[in-house]
Each structure stands twice: as C-alpha cells, then as structure tokens.
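J.: A single structure is presented below for examination.
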Amino acid sequence: MARIDQGNALTTAVLQPGWNVATDGYGLFTGRCTFKMNRTEAISGLSTFARGAAHPVTEFNFMAVHKIEVTYDQLGVATIVADYIGIKNGEENWTNPNVTGSFGLTSEPIVSHPNFFVAAAGFAGASSPIAGLPSDFGGSYDDSTLGPPVTVLSATTGKPVVVPSSEGYHGACFETGQGGRFIGFVDPSHPHYYGKTSYLAQVTSFSGVIYFKSAYSSKCADFRAAVGTTSGSNKYCSTVKVLPDYIGTVFLNGTLDCMLLSQVNFEDYGSVFKCSYEIRYNPNGYPAGVYKNGE
C-alpha cells in the first residue's frame, strides 16, 4: 500500500490518547505514554526521549523517562512507548518508607540471655538471675559437687592441678570461682535449666524501600557507609526516615541503640534511585564499643 500523507507530518512525536499515571501511595509516581512519529525522525531524533527527559504533560513534568521501546510500523510510522518515573512527596526529596516486618524466634546461647548474670528488667517473676555473679556468692562461686573437675594452673607452683568446678544459681557450672568458661547446668533439681545450652530469643527484622530524587543520589553513598551501624531512632543518615512512626520513633535500651542497618541495595532509574534495605532490631541493644552510630 502506498503512503499518502495528510494532516500532521509527525516530524515531532505526538502523544496518543490512553496515557496513564500511577502512584504507590508513598510518593513514587510511574506512568506510560505512547507517541506516534515519522520513521525518519524517530531514527534520528530519539534524543527527545533520552533518559531523564520530562513528561510531556505539564502537571506531571516532575516525572522523567526511564526507558523507551520503539516499534517501526508499516508506512513509515514509528510507535514509541515511554515509561516515566518521578517523586512527589510534599517537601521531601525522597519517598516515605515502604516497610515490611518479620518477627520470630531463634536459638541463642543461654549465656547471652539478658537475665543470665544480673537481674534484668521484665524478669521480675524470677527469684534471682539465671546464674548470678561471683559477687552474689561472697566474691566467688561455690565449689560444685555435681560439675566435672577442671584442670587449672596453680597460683603457687605454676603447675596443672585438678580442682572442683564452680556453681552459681540453678546449677550453672563454671570453670573457676570467678566465672571463666561456662560448662553447663549440672543440677537436675532445676529441671527447667538442667542440660540446657540455649534459649529462644526474639528476632525482629524490617525490610524497606525508599526512592530518592537524582539530585539526592549522594544519600546512596551515605547509606552504603552506614551499613553495620546502629540507630536509636527510626532515622538514618541524619534525616532519612527508614521506619514509619507507627512502628516507633525511639529504639533504645538505656543508652544502647537497638537498630542495626544490616544490608543495602540500589537500583538506578535515571532520575530516581531505589534503595532497598534491611534493619535488625535487638531489644537488648547493640554495644557502642562494637558498633558505630549511623544516625
């Protein structure tokens, strides 16, 4: 069929009806537009749709091209489908955090229990800590009649000698009167502890997604540097809220931060950068001497 030109010569792209815009509710907008264009200009003039080019509709020009697909139809007409992405979230330059949470239990060594050596908040029903400290027994754990003998170096001769192991509360057996290696629970009269080596500890993690405007791509480097650091609030990198307020705004155990940024991933969408991250929550807090603060 011969081509007969009438009306618009399609030397520039013409937006077609049916274009759409969608938002995820967190401040991210996406959209798709279809254009018709003369084949010759579509080959030489696709810079109009270079990554980052603004949306053709003024009300949505905060969105920019992410990718395009061109179909060269019959009769010298090209169909261009452009995908757009952008952020509009009030005065913020990134989206609100889109977060999912996971709450469960995992097996941990019993010596890491917060109530193992000293009485901890929330365990008021317990008559004493699980094992206690040597100071609870006058400065040294009692000699154990049930635990295995242990070999230590004599303070006077410097030679190995066999001595009784030591015992705290509930049959908690240690290598020396001052503690040392924890051997186990050796007293069967405490059946809830006897033979136990671990307990079920709370494990909480959050997975989130935030999108940044390209002008704030430096936040990607900030987040990369913050991996392995802690926070006592729902923010990281000074101003970025990583958890919505309904989950909480303060995460402290005394002076210890309870949040740890454990993983960060990035994707580049041209005018927008996607940041996926994971946060671990430890109700006992992370020691400041081991983990830096990344707030």
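The values are calculated or read from the model by the stated rules, or taken from the named source; none is laboratory data. Every value quoted in this text rests on a predicted model; they were computed, and no experiment measured them. Glycine gets a Cβ as well: all are built from the backbone with ideal geometry, and neighbour counts include every protein chain shown.
J.: What number of residues within region 226-268 satisfy the criterion of being free of Cβ contacts under 8 Å to residues at least 24 places away in the same chain and of a type in the set (A, V, I, L, M)?
T.: Matching residues across region 226-268 total 1.
Residue-wise test of (1) among the hydroxyl-bearing types (Ser, Thr, Tyr); (2) within 45 Å of the chain's Cα centre (by Cα); (3) more than 24 Å from ASN284 (Cβ to Cβ).
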site: PRO148; (1), (2), (3): no, yes, yes
site: LYS159; (1), (2), (3): no, no, yes
site: GLY177; (1), (2), (3): no, yes, yes
site: PHE185; (1), (2), (3): no, yes, no
site: TYR194; (1), (2), (3): yes, yes, yes
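J.: Just to verify a result, which residue in region 249-295, among those that are polar (S, T, N, Q) and under 13 Å from ILE210 (Cβ atoms), is farthest from the chain's Cα centre (by Cα)? Break it down into steps so the answer makes sense when it comes.
T.: Here is the first cut: in region 249-295, the ones polar (S, T, N, Q) are 249, 253, 255, 262-263, 265, 271, 276, 282, 284, 293.
Keeping just the survivors that are under 13 Å from ILE210 (Cβ atoms) gives 265, 276.
Values: ASN265: 10, SER276: 8 Å.
Checked region 249-295; the qualifying residue farthest from the chain's Cα centre (by Cα) is ASN265.
J.: Those residues that are surrounded by 17 or more Cβ atoms within 10 Å (Cβ to Cβ) and assigned to a strand (DSSP E or B), I need them from region 46-69; list them, please.
T.: ALA64, VAL65, HIS66, ILE68
J.: Going through region 198-248 one residue at a time, which ones are under 30 Å from ALA172 (Cα atoms) and within 15 Å of the chain's Cα centre (by Cα)? Walk me through it before giving the result.
T.: Of region 198-248, the ones under 30 Å from ALA172 (Cα atoms) are 198-204.
Matches in region 198-248: VAL203, THR204.
To keep it simple, each residue is scored yes or no on (1) farther than 30 Å from GLY208 by Cα; (2) at pLDDT 90 or above; (3) among the β-branched types (Val, Ile, Thr); (4) in contact with a Pro (Cβ under 9 Å, 6 or more places away or on another chain).
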position: GLY104; (1), (2), (3), (4): no, yes, no, no
position: ALA124; (1), (2), (3), (4): yes, no, no, no
position: SER128; (1), (2), (3), (4): yes, no, no, no
position: VAL152; (1), (2), (3), (4): yes, no, yes, yes
position: SER166; (1), (2), (3), (4): yes, yes, no, yes
position: TYR169; (1), (2), (3), (4): yes, yes, no, yes
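J.: Collect the residues in region 125-162 that are assigned to a loop (DSSP other than H, G, I, E, B), surrounded by 10 or more Cβ atoms within 10 Å (Cβ to Cβ), without any contact (Cβ under 8 Å) to a residue 12 or more places away in the chain and in contact with a strand residue (DSSP E or B) (Cβ under 8 Å, 6 or more places away or on another chain), keeping them in residue-number order.
T.: Scanning region 125-162 gives a single hit, SER154.
J.: Tally time: how many residues in region 26-38 are buried (at least 16 other Cβ atoms within 10 Å of the Cβ) and charged (D, E, K, R)?
T.: 1
J.: Which of the residues belonging to region 266-280 are touching a Gly at 6+ places or on another chain (Cβ under 9 Å) and either surrounded by 19 or more Cβ atoms within 10 Å (Cβ to Cβ) or not polar (S, T, N, Q) (or both)? Steps first, answer last, please.
T.: Initially, region 266-280 is screened for residues touching a Gly at 6+ places or on another chain (Cβ under 9 Å), giving 270-272, 275-279.
Selection gives GLY270, SER271, VAL272, CYS275, TYR277, GLU278, ILE279.
J.: Answer with yes or no whether PRO283 is at pLDDT below 90 and either surrounded by fewer than 17 Cβ atoms within 10 Å (Cβ to Cβ) or in a loop (DSSP other than H, G, I, E, B) (or both). I'd like the intermediate steps shown before the answer.
T.: On the way: at pLDDT below 90: yes; either surrounded by fewer than 17 Cβ atoms within 10 Å (Cβ to Cβ) or in a loop (DSSP other than H, G, I, E, B) (or both): yes.
Yes; evaluated as a whole, the condition is true for this residue.
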